[in-house]
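Undergrad: This structure is in structure tokens; I'll ask about it shortly.
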Amino acid sequence: MLIAEPSINSAQQREKAAELMFEKYKVPALFLAKNAVLTSFASGRATSLVVDSGGGSTVVSAVHDGYVLQKSVATSPIGGEFLTDCMMKSLESKGVVIRPRYSFKKKEVSPGDYKVVDLDFPNTTDSYRLYHMRAIASD
């Protein structure tokens, strides 16, 4: 079994994962690989600088000859969700209104000339609307 683990995992966490796999799940073989190493190998390089930005955090890791240089690992709480929030606030401050795709449609009034028509969905929840607005800001 191959397990991809974060670059910041401690030895105790690695040991606990190995113990769980061997004793509870009875796996015959196990390999624990750091995400940064797998990413580096996936791009065809044994040495690289890997920037892994997820929804909640960003991790930067230096990989040299297939090994993560542990002292070079840097983490930041700034991730995709935070950046999406910043984008939405920035657009709002500039007066840009994000309209979810389901709330309007284009209607052709003459060949090549379109008009935007608002659609009304009265039973749409605020959370559904916010979800679509965040998806647009994220894109």
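Undergrad: With a bin width of 10 angstrom, please list the P(r) values of region 50-102 as percents of all Cα-Cα pairs, from the 0 bin to the one holding the largest distance.
TA: Per 10 Å bin, starting at zero, the Cα-Cα P(r) for region 50-102 comes out as 22, 31, 25, 13, 9 percent.
Undergrad: Related question: Quick one: accessible area per residue over the chain, 1.4 Å probe, rounded to a whole number of Å²? All intermediate terms of the calculation are to be shown ahead of the outcome.
TA: Numbers: 10170 Å² over 139 residues.
Each residue of the chain exposes 73 Å² on average to a 1.4 Å probe.
Undergrad: Remind me, relative contact order of the chain in percent, using alpha carbon pairs under 8 angstrom and six or more residues apart?
TA: 16 percent
Undergrad: What is the percent of Cα-Cα separations in region 2-76 that go past 17 Å?
TA: Value for region 2-76 (Cα pairs over 17 Å): 47 percent.
Undergrad: Considering only protein heavy atoms and a 1.4 Å probe, what is the carbon-and-sulfur percentage of the accessible area of the chain?
TA: 58 percent
Undergrad: Hey, another quick one. Just need the Rg to Rh number for the chain, please, alpha carbons only, Kirkwood Rh.
TA: On the Cα set of the chain, Rg over Rh gives 1.20.
The values are calculated or read from the model by the stated rules, or taken from the named source; none is laboratory data. Treat the numbers as computed from the prediction; the structure is a model and nothing was measured. Each accessible area value is taken on the protein alone, full model and side chains, heavy atoms only, with ligands, DNA and RNA left out. Shrake-Rupley method; radii C 1.70, N 1.55, O 1.52, S 1.80 Å.
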